[in-house]
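Novice: First, the structure itself, so that you have it in front of you.
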Ligand SMILES: [Zn+2]
């Protein structure tokens with residue numbers, strides 16, 4: 001199917017065709033209509049957003065014979081007179097177009113000055129368009145400046161650049177500047193759909209249909225550049241298929257299938273670990289690279305989150321059809337923004353350990369399972385409230401928490417301010433070394449129950465959190481040797497319990513303190529790592545690798561590292577759930593260990 005390249009055919013010839021640059025074209029049009037035109041323009045913006053195209057439209061409008069004669073009234077060029085046609089076809093003697101990258105020397109600029117000294121041959125102006133002007137040499141700029149300072153009345157400069165910061169101030173200050181914007185996804189897609197309609201109406205045009213989803217996908221690939229997007233459409237249309245749909249675009253441009261991510265996302269948001277694993281492996285068996293899968297999954301949850309945050313206009317940011325936007329919105333429906341953010345974080349962060357891993361799929365499995373079993377921040381907060389109530393009923397409020405209870409407005413406060421409570425544990429008293437009285441008085445306000453539990457006379461139910469580090473004030477040492485030994489330890493743990501290894505990997509190594517290795521992790525991770533059986537495994541492997549017995553201490557993550565940290569020693573039902581998944585047949589296949597007692 002031979003057809004004229006769409007890129008050329010649909011290159012804008014009037015200001016109205018400049019998509020997404022209304023702020024530029026309206027000001028230029030007003031200047032042209034009033035006849036007060038600057039002597040030097042600076043067009044800035046990313047590649048492919050229409051800078052040189054606009055420069056040519058401006059040049060044509062300035063020299064249009066019909067506009068000069070008053071026959072053509074608008075600011076736009078007529079595109080029919082001799083001057084307009086000559087400029088469009090690139091043979092006009094009055095318009096000089098040069099590339100700053102290949103004409104960067106002083107000689108080039110001096111030649112140019114010679115050329116533009118004389119009055120124009122046909123139109124009213126001589127117009128010099130310098131593309132990528134920031135690439136000119138210093139001497140060339142100096143020569144150019146002389147002309148800019150005393151420009152002949154017939155001379156107009158139009159500079160285009162992707163990098164205005166690299167221009168000397170003396171040049172910038174003598175130009176009228178226009179910043180071209182990246183074009184919004186939806187606007188690019190609409191332009192592509194319009195091109196399709198115009199082609200369909202043109203007897204000699206390319207005959208194809210274009211779905212909305214395909215147009216958006218192409219626009220996404222074009223990253224806000226109209227030129228790149230139209231060129232990609234050209235490429236897809238050249239495949240010769242009568243119907244341009246998403247499937248064809250994916251095949252021709254090479255974008256992975258997104259249905260798999262919708263299924264995987266659905267399983268995760270339905271909190272169904274079994275289905276999650278099945279969907280992950282279904283995609284994996286199709287030959288997708290685990291890293292691409294992780295990236296695609298993160299991208300998918302970005303979409304779900306964006307639609308949750310802004311259901312009305314979020315679609316402008318995403319390359320998805322109306323139908324897919326609805327599906328993304330529906331997937332996020334039962335989830336809070338915060339929990340969706342946590343999902344996105346897990347998906348995005350699992351890429352990091354995958355990079356050097358010989359078995360990246362294992363990390364991805366652990367990540368998707370963690371996502372599918374993610375306890376909502378709200379329900380953890382509710383459990384926390386119940387725990388606090390229980391604690392009060394037991395009357396076990398010891399010195400540290402005695403001050404805390406009245407200072408905290410009510411049980412509900414911790415649910416509404418979980419981020420603030422995240423900084424609590426650092427200040428709280430450790431069992432071994434109670435905090436100074438004034439410190440506890442001023443900070444106790446944010447102290448989560450973890451602190452009061454740790455310093456409480458320890459009822460049996462909280463024994464699992466006994467290794468929690470209340471304060472890291474004791475000297476913590478971290479060096480490369482410790483880091484590499486810790487990695488070896490994780491590898492060894494992975495050999496025994498992969499999921500435990502994954503949980504350790506997701507924790508942050510703080511260092512060695514006294515006879516203990518300190519890890520920072522959130523409560524859900526701690527609930528799992530701290531289980532007696534798991535701690536024993538870690539201790540054994542630590543002793544093997546480090547050659548000495550080491551305790552494992554779990555410190556809370558610093559404030560700000562987790563968006564809404566569900567504080568609390570995750571009360572028993574939670575721990576049970578985590579352990580159940582942990583030993584569940586999903587990965588280990590050694591039967592579902594019921595450790596709820
Ligand atoms: Zn004209």
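The values are calculated or read from the model by the stated rules, or taken from the named source; none is laboratory data. All of these numbers come straight from a predicted model, not from anything done at the bench. Note that we place each Cβ from the backbone using ideal geometry, even for glycine, and neighbour counts take in every protein chain shown.
The rows are residues; the columns are (1) in contact with a helix residue (DSSP H, G or I) (Cβ under 8 Å, 6 or more places away or on another chain); (2) in contact (Cβ under 8 Å) with a residue 40 or more places away in the chain.
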| position | (1), (2) |
| --- | --- |
| 272 | yes, yes |
| 276 | yes, yes |
| 285 | no, no |
| 296 | yes, yes |
| 306 | yes, no |
| 309 | yes, no |
| 316 | yes, yes |
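Novice: Something else about it: I'd like to verify a number: residues in segment 37-72 that are assigned to a loop (DSSP other than H, G, I, E, B), within 10 Å of the ligand (Cβ to nearest atom) and either at pLDDT below 90 or touching a helix residue (DSSP H, G or I) at 6+ places or on another chain (Cβ under 9 Å) (or both), how many? Don't jump to the end; show me each part of the working.
Specialist: Step one: list which residues in segment 37-72 are assigned to a loop (DSSP other than H, G, I, E, B), which gives 37-39, 45-50, 64, 69-72.
Then drop every residue that is not within 10 Å of the ligand (Cβ to nearest atom), which leaves 64, 69, 71-72.
Then keep just the ones that are either at pLDDT below 90 or touching a helix residue (DSSP H, G or I) at 6+ places or on another chain (Cβ under 9 Å) (or both); that gives 64, 71-72.
So the count comes out to 3.
Novice: Let me confirm something: among 508, 526, which residue is under 34 Å from the mean Cα position of the chain (by Cα) and modelled with pLDDT of 85 or more? First the steps, then the outcome.
Specialist: Details: 526 fails: modelled with pLDDT of 85 or more.
Being under 34 Å from the mean Cα position of the chain (by Cα) and modelled with pLDDT of 85 or more holds for just one of 508, 526, which is 508.
Novice: To continue, here is another question. Got at least one residue in segment 132-151 being part of a strand (DSSP E or B) and more than 16 Å from the ligand (Cβ to nearest atom)?
Specialist: Pass one, segment 132-151, residues part of a strand (DSSP E or B): none.
There is no residue in segment 132-151 that is part of a strand (DSSP E or B) and more than 16 Å from the ligand (Cβ to nearest atom).
Novice: Any idea which of 383, 325, 364 is in a helix (DSSP H, G or I) and without any contact (Cβ under 8 Å) to a residue 24 or more places away in the chain? I'd like the intermediate steps shown before the answer.
Specialist: Details: 383 fails: without any contact (Cβ under 8 Å) to a residue 24 or more places away in the chain; 364 fails: without any contact (Cβ under 8 Å) to a residue 24 or more places away in the chain.
After applying the criteria, what remains is 325.
Novice: Sticking with this one: Tell me, which residue of segment 104-120 that is out of contact with any helix residue (DSSP H, G or I) (no Cβ under 8 Å at 6 or more places or on another chain) and part of a loop (DSSP other than H, G, I, E, B) is nearest to the ligand (Cβ to nearest atom)?
Specialist: Restricting to residues being out of contact with any helix residue (DSSP H, G or I) (no Cβ under 8 Å at 6 or more places or on another chain) and part of a loop (DSSP other than H, G, I, E, B), the top hit is 119.
Novice: What do you reckon, is residue 232 surrounded by 20 or more Cβ atoms within 10 Å (Cβ to Cβ), assigned to a strand (DSSP E or B) and within 34 Å of the chain's Cα centre (by Cα)? Give the derivation first.
Specialist: Values: surrounded by 20 or more Cβ atoms within 10 Å (Cβ to Cβ): yes; assigned to a strand (DSSP E or B): no; within 34 Å of the chain's Cα centre (by Cα): yes.
Judged against the criteria, residue 232 is not a match.
Novice: Select from segment 117-143 the residues that are more than 45 Å from the chain's Cα centre (by Cα), at pLDDT below 90 and surrounded by fewer than 22 Cβ atoms within 10 Å (Cβ to Cβ) and list them in ascending order.
Specialist: 117, 118, 119, 120, 121, 122, 124
Novice: Restricting to segment 73-102, give me the number of residues that are more than 10 Å from the ligand (Cβ to nearest atom), surrounded by fewer than 18 Cβ atoms within 10 Å (Cβ to Cβ) and in a loop (DSSP other than H, G, I, E, B).
Specialist: Residues in segment 73-102 being more than 10 Å from the ligand (Cβ to nearest atom), surrounded by fewer than 18 Cβ atoms within 10 Å (Cβ to Cβ) and in a loop (DSSP other than H, G, I, E, B): 7 in total.
Novice: Right, next: I'm told residue 30 meets every condition in (1) in a helix (DSSP H, G or I); (2) within 16 Å of the ligand (Cβ to nearest atom); (3) surrounded by fewer than 16 Cβ atoms within 10 Å (Cβ to Cβ) except one. Can you identify the failing condition by its number?
Specialist: (2)
Novice: Among the listed residues 271, 198, 174, 191, identify the single one that is assigned by TED's automatic domain parsing to the domain that holds residue 303 and modelled with pLDDT of 90 or more.
Specialist: 271
Novice: Turning to a different aspect of this structure: Here is a check on your reading of the model: is residue 14 within 12 Å of the ligand (Cβ to nearest atom) and not assigned by TED's automatic domain parsing to the domain that holds residue 152?
Specialist: Here the answer is yes, as residue 14 does meet what is asked.
Novice: Cβ-Cβ below 7 Å, separation at least six or inter-chain, first residue in segment 70-93 and outside the structural domain of residue 55 (by TED's automatic domain parsing), second more than 6 Å from the ligand (Cβ to nearest atom): which pairs?
Specialist: The qualifying pairs do not exist here.
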